[in-house]
Amino acid sequence: MKNHLFNLISSVIAFYIPLQIALFTDLILVRNLVILIFCIQWISFVPAYIFQTEKFYDLTGSLTYLSIILSTIYITGSESIADYIIVSCVAVWAIRLGSFLFMRIHKAGEDRRFRSIKPNFTRFLMTWTLQGMWVSMCLLCVLTALSSYDGIIINPIFFIGLFIFVFGFVVEVIADHQKTVFRKDVANKDKFISTGLWSLSRHPNYFGEILLWSGIAVMSLSSLEGLQYITLISPLFVYLLLVYVSGVRILENQGLKKWGHLESYKKYLNTTPRLFFKLFN
């Protein structure tokens, strides 16, 4: 009973935080889009729970990004090049990541993280609600900027943000590709990757993810005013989510259980930064 109550309270909090930030923007469109983001997750949760499947969980998240960002530029009727550039950045990222994660789970047959989650109604619901929070928190700054009177403003800050996004996106794509190739080689079965970008960081893909959302925030910066600057919390949210909630924390624990007894892995942990790139040997 206590666990169910905790899950429900967590779901309410996960919905309340981005909704409250959306209200701070004083833009009705942003508020409505945040509500729509959560509705998409909750509607998708119903068949996922009935059929006890997580196979379209990541895909739903990516499609939510895509549909919301395209809906925003359609509703605003923008013809600004800057607006289309930032929308294209989010769209390309969403399509790439969504297809990558979907194909990965399709080949694996399941996402093992969900084995104990799926049978628990409130816990599974919380997971879908947290995805709504993830989408909302990441998109809040760009939705606010697109919905503002001037839209995305082109200036030197915009191009700095665009460079950060492109760099982060390239890092993430290369890191994912290197790990996929490494795993396909049967000679690397039960081994950990420490080559390529993975020699500079233990989680270069997550480093790229944090960078690209930082770029989106910087590109949106000049269009914000007053309390709307709160929406720039998105890169910090991504960092906290990947490092302390999912991603890094889980993978580090799994790595210690699997390779913690190996001297080579201990050396890798001691000489390779957890997230940010190692600049010098």
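The values are calculated or read from the model by the stated rules, or taken from the named source; none is laboratory data. Everything numeric in this text was worked out from a predicted model, so none of it was measured. Reconstructed Cβ throughout: ideal geometry from the backbone, glycine too, with neighbour counts over all protein chains shown.
Structure notes:
- Total residues in the range 170-197, condition among the hydrophobic types (A, V, I, L, M, F, W, C), over 16 Å from L211 (Cβ atoms) and within 22 Å of the chain's Cα centre (by Cα): 0
- Any hit, the range 29-37, residues being within 24 Å of S99 (Cβ to Cβ), surrounded by fewer than 17 Cβ atoms within 10 Å (Cβ to Cβ) and under 19 Å from the mean Cα position of the chain (by Cα): yes
- Filter pass, S223 being over 25 Å from K257 (Cα atoms) and in a loop (DSSP other than H, G, I, E, B): yes
- Cross-chain or 6+ apart pairs with Cβ under 9 Å, the range 2-25 first and farther than 20 Å from F45 by Cα, then assigned to a loop (DSSP other than H, G, I, E, B): T25/S148; T25/L224
- Residues (aliphatic (A, V, I, L, M) and at pLDDT 90 or above) located in the range 224-241: L224, L227, I230, L232, I233, L236, V238, L240
- Single residue of the range 226-281 satisfying the filter (over 20 Å from the mean Cα position of the chain (by Cα) and among the basic types (K, R)) that is surrounded by the fewest Cβ atoms within 10 Å (Cβ to Cβ): K257
- Whether a residue is touching a Cys at 6+ places or on another chain (Cβ under 8 Å), more than 19 Å from K258 (Cβ to Cβ) and touching a residue at least 12 places away in the same chain (Cβ under 8 Å) was assessed, and L197 does not pass this test.
- Residue check for Q41: touching a residue at least 60 places away in the same chain (Cβ under 8 Å), of a type outside the set (S, T, Y) and on the phi > 0 side of the Ramachandran plot: no
- Some residue of the range 148-169 being within 23 Å of T76 (Cβ to Cβ), more than 15 Å from the chain's Cα centre (by Cα), modelled with pLDDT of 95 or more and of a type in the set (G, A, S): yes
- Counting the residues of the range 249-278 that are among the aliphatic types (A, V, I, L, M) and part of a helix (DSSP H, G or I) gives 4.
- Taking each residue of the range 60-88 that is farther than 21 Å from S136 by Cβ and looking for partners that are β-branched (V, I, T) and outside any helix (DSSP H, G or I) with beta-carbon atoms closer than 6 Å, six or more apart or interchain, yields A82/I152; A82/I154.
- Those residues of the range 182-199 which are in contact with a helix residue (DSSP H, G or I) (Cβ under 9 Å, 6 or more places away or on another chain), among the hydrophobic types (A, V, I, L, M, F, W, C) and surrounded by fewer than 17 Cβ atoms within 10 Å (Cβ to Cβ), in sequence order: F192
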